[in-house]
Amino acid sequence: MKKRERIKKEDNVILFPDLDKRLLEKGLDRLKQKKYREAIELLQSARYLDPDSEEVNVGLVLAYFESGNLTEANQLAKEMLQIGIGEYFKIVDMYIMILVQQHKHDEIVMTIEALLEEKQVPTDKLDHFMKLLQFSRKMADSAPESFENERQQQVENVELDLYSYTDPGEQVQIAGQLSHSNVRAYMTELTEFLSSEKGDPFFKTMLLNVLKEQDYEKEILVEKFARQVLCTPDQLFDVHEHPDLLAITDRVRGVVENENPILFESIKQLLDRYFFLLYPLRIEAGKPVVWAAAFHYTASAYFGQENDFDQIIDLYHVEETEVTTAADLIGKIEEILAHN
């Protein structure tokens, strides 16, 4: 597809050098700060100056999306596909993400079917789109007009092979679609998957959050990392408010934040990843300070500071053997993340 002509400026108008780039940088910075209204205004101005910029258009789509302006996000993403702005399948994935949030399962089906008919799908993405197409068809066929009506209806239990979704992108999309459907229609598959020793722990956390969001009130069994726990989803703590995560973060903050803020941010990211996978399990050792030292050591090792182990032990006043055991467990989780 041909890109549209760049908007021409009047001869008597003089623009500041690289104004579009400066607007883009400021817009993306406001987006990171979750100041969506300001981000939208800045990115709209940048788009006026450089309408064909992939960075500007993608940033604006994300700003619309995060602010809840899904209609605008949909229209701009669709326009990018029609005009040919950006990497095609990157924009397709973004467009489908928006459709998922809009509950437009029929449009997802039409979009993917059009791609398949035109034989535009690369071989490495074919399986991903085929699975998404199959799932969206089922959701479109079974979805009633509203969620409240859906909860009152007897919906045919459609077979859902959760084990087949191994790509993180697929898992996010499937969880997104389930969150806007009556998840109780799929409890046979969900409870079997969550209680199995198999299955991606990342995906299990997302599915548990879907059940929590829909106030699922029955007790279920969850297995992760050869450990089992019985839990009631509507009574679970939020994934980002894991009690152990908060306790350990406070311990690390007191030791690291002022002395080395960059290391502290790295430790926080490591903690977030670990407890997202662990959720809703608790740490085996009920000593936040031991785990704080272990996470501190693990993050330091990423910066090539493995020799700081003795110093870290002294900072937290903990036993070396306990920290080593915790650090080994963290390492195993990191290995899973690396292959995810």
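I'm trying to understand the selection: among the residues of the range 214-243, which are in a loop (DSSP other than H, G, I, E, B) and among the polar types (S, T, N, Q)?
Filtering the range 214-243 for residues in a loop (DSSP other than H, G, I, E, B) gives 214-219, 225-226, 232, 236-238, 242.
Across the range 214-243, the qualifying residues are GLN214, THR232.
Kindly provide the set of residues from the range 74-116 that are among the acidic types (Asp, Glu) and over 18 Å from PHE135 (Cβ atoms), ordered by number.
Looking only at the range 74-116, we keep the residues that are among the acidic types (Asp, Glu), and these are 79, 87, 93, 106-107, 113.
Answer for the range 74-116, where residues must be among the acidic types (Asp, Glu) and over 18 Å from PHE135 (Cβ atoms): GLU79, GLU87.
Go through (1) in a helix (DSSP H, G or I); (2) farther than 29 Å from SER196 by Cα; (3) without any contact (Cβ under 8 Å) to a residue 40 or more places away in the chain; (4) open to solvent by less than 80 Å² (accessible area, probe 1.4 Å) one by one and return the number of the condition VAL252 breaks.
(3)
How do the pairs read when you match residues in the range 51-69 that are farther than 22 Å from LEU19 by Cα and open to solvent by 50 Å² or more (accessible area, probe 1.4 Å) with residues anywhere that are modelled with pLDDT under 90 and charged (D, E, K, R), using Cβ under 9 Å and keeping only pairs 6 or more apart or on different chains?
Once the first residue is farther than 22 Å from LEU19 by Cα and open to solvent by 50 Å² or more (accessible area, probe 1.4 Å) and sits in the range 51-69, its partners that are modelled with pLDDT under 90 and charged (D, E, K, R) give GLU66/LYS34.
Do the conditions hold for LYS78, that is, is it open to solvent by 70 Å² or more (accessible area, probe 1.4 Å) and in a helix (DSSP H, G or I)? Lay out the reasoning, then the answer.
On the way: open to solvent by 70 Å² or more (accessible area, probe 1.4 Å): yes; in a helix (DSSP H, G or I): yes.
When the stated conditions are applied, LYS78 passes them.
Consider the range 105-134. How many of its residues are closer than 18 Å to GLN171 by Cα and open to solvent by 30 Å² or more (accessible area, probe 1.4 Å)? Break it down stepwise before answering.
Here is the first cut: in the range 105-134, the ones closer than 18 Å to GLN171 by Cα are 105, 108-109, 112, 124-134.
From what's left, open to solvent by 30 Å² or more (accessible area, probe 1.4 Å): 124-127, 130-131, 134.
Residues meeting the conditions: 7.
The values are calculated or read from the model by the stated rules, or taken from the named source; none is laboratory data. Predicted model, so just to flag it, every value in this text is computed and none were measured. With ideal geometry, Cβ positions are generated from the backbone for all residues, glycine too; neighbour counts draw on all protein chains shown. Ligands, DNA and RNA are excluded from the accessible area calculation, which covers all protein heavy atoms including side chains. Shrake-Rupley method; radii C 1.70, N 1.55, O 1.52, S 1.80 Å.
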